[in-house]
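Data first, discussion second: the structure below is written as structure tokens.
The values are calculated or read from the model by the stated rules, or taken from the named source; none is laboratory data. Computed from a predicted model, the values in this text were never measured in an experiment. Methodologically, a virtual Cβ is constructed for each residue, glycine included, from the backbone with ideal geometry; neighbour enumeration extends over all protein chains shown. Please note that ligands, DNA and RNA were not included when accessible areas were found on the heavy atoms of the full protein model with its side chains. Shrake-Rupley method; radii C 1.70, N 1.55, O 1.52, S 1.80 Å.
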Amino acid sequence: MNVSVDKSAGFCWGVIRTIDIAESELATASPAEPLYVLGEIIHNPMEIERLRMKGLNTISRDDLPGVKSGKVLIRAHGEPPATFARAKELGITLV
């Protein structure tokens with residue numbers, strides 16, 4: 001079997017943009033002000049692990065009340081308006 005990968009294959013622009021934003025935010029994040037992402041940033045375990053090693057913490061909507069500092073990144077898939085309202089109620093900074 002022969003598998004060919006197109007030379008322009010890769011992540012879509014939304015994923016690339018989200019990863020770029022995550023890396024930019026991680027550059028200024030700290031243990032006291034961590035960066036979280038709401039759900040897995042993309043469907044790629046190797047990239048998720050690479051970003052985790054840089055300090056990105058994956059959380060769920062149920063974890064939002066436990067976020068006391070830092071920022072929460074909204075992934076390329078987006079979130080419903082209720083998530084934005086809940087984050088505002090909790091005083092969470094969204095990216």
* Asked: Can you give the accessible area of Val95, probe radius 1.4 Å, in Å² rounded to 10?
  -> 50
* To do: Specify which residue in the list Gly39, Val5, Thr58 is farthest towards the positive end of the charge dipole of segment 1-63, using unit charges on the beta carbon of Lys, Arg (+1) and Asp, Glu (-1), about the Cα centre.
  => Val5
* Work through the residues other than Lys71 whose Cβ is under 10 Å from its Cβ and net out their charges, Lys, Arg +1 and Asp, Glu -1. => -2
* Structure fact -> Magnitude of the Cβ-charge dipole (Lys and Arg +1, Asp and Glu -1) of the chain about the Cα centre, nearest 20 debye, reported as 100
* Estimated D of the chain in µm² per second, where Rh is the Kirkwood radius over Cα pairs and Stokes-Einstein applies at 20 °C, 1.002 mPa s -> 150
